[in-house]
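Below you'll find the structure, written out as structure tokens, and then a few comments.
We did not get these values from a lab; they are worked out from the coordinates using the rules stated. Every value quoted in this text rests on a predicted model; they were computed, and no experiment measured them. Here Cβ is always computed from backbone atoms with ideal geometry, including for glycine, and neighbour counts include all displayed protein chains.
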Amino acid sequence: MLRGDLVHPVISGNKLWKLKYNLEEAGRLGKERLVTFGGAFSNHLLAVACAGASLGFQTLGIVRGEERMDSAVLKQCRQFGMQLLQVSRSEYRDKDELVRRLNLERAENYILPEGGTNALAVRGCAEAVPSDPAFDHLFVPVGTAGTLAGFALGASRVMPQASVEGIVVLKGGEFLRDTVRELIPEQPNWKLHLEFHGGGYARVDDRLRKFMQRFAAQTGILLDPIYTGKMMRAVFELAAENYFRSGSSILCVHTGGLGDVSAQLNRTTEGSGQAGKSR
Ligand SMILES: *Cc1c(COP(=O)(O)O)cnc(C)c1O
């Protein structure tokens, strides 16, 4: 397991990889404020709040409406000085229109997409692939697919025979294949598994809770129920179906997300569970 959960105490592992070159670019362009989008449980919002505070940027988080504004994540965002603005679900859908209406296209703002996925994020994730040893399979949990695209790009350089496989954590994630193709048009070394979402984004059931508990007890490694828990359960299920050739080496990427596991475990079947935008 690649322990992305250990790279920073607040910034969920893959969010730091995704932000690295974006923060560099924002500094190079002389930007004063980071502006981004997310739901009330978004690890990305928190990552931007903390990174901004560390590097001297102001931060503005635009939060999808009708969600509680007192979640643990949003409380921590405020702690880091992030200004939060709640907009309705329908307003939230059209980000370009929102940016225009709120007059955010000003020179001092650096606008990061929801989930932080863009070309610079892919570059940062590509660098996180360890160069040695080579593996047969790499597994990554998938929300917006930026991390998967970056790992596929990085693996193509240092372990070209590896298959980079994403476990999609939301229902109806077919569209993510196009997202990956747009981010890394040249790369053939990846695939997405769509059948392990367990009911939809942030849906947590007792089987998943039990799996995560057993995994923690056997390894000393905590998983989160939204991303890494579903990924590891999928890898175990694939192994049980003899998906892997005997002797295969498998690297699973722990992307972090441990900020508020107990609250996440208590959320049972809230939310729509649809092709989710709750990141
Ligand atoms: C955001 C997040 C992901 C999803 O990453 P994408 O690049 O959006 O696919 C995976 N794991 C954790 C812990 C996250 O916080």
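Below is a table of values for the structure above.
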{"quantity": "Whole-Hz ³J(HN,Hα) from phi, Karplus 6.51 cos²θ - 1.76 cosθ + 1.60, for the range 49-55, glycine and proline x", "calculated": "4, 6, 5, x, 4, 5, 9"}
{"quantity": "Filtered trypsin sites (Lys or Arg not before Pro), the range 1-71: DSSP coil and at most 12 other beta carbons within 10 Å", "calculated": "68"}
{"quantity": "Where GluC sites (Glu not before Pro) fall in DSSP loop in the range 1-75, at most 12 other Cβ within 10 Å", "calculated": "66"}
{"quantity": "Residues whose placed amide H lies under 5 Å from that of residue 86, excluding near-sequence neighbours", "calculated": "63"}
{"quantity": "Cut-off under 5 Å, modelled amide H: who pairs with residue 163 long-range", "calculated": "137, 138"}
{"quantity": "Three-way shape label, the range 14-116, alpha-carbon gyration tensor, a/c 1.5", "calculated": "oblate"}
{"quantity": "Relative contact order, percent, the chain [alpha-carbon distance under 8 Å, six or more residues apart]", "calculated": "23"}
{"quantity": "Residues of type lysines that residue 191 reaches as a straight line, Cα spacing below 27 Å, ignoring anything fewer than 8 places off in the same chain", "calculated": "15, 18, 20, 171, 230, 277"}
{"quantity": "Using alpha-carbon coordinates, inclination of helix 206-219 to the longest axis of the chain, degrees", "calculated": "70"}
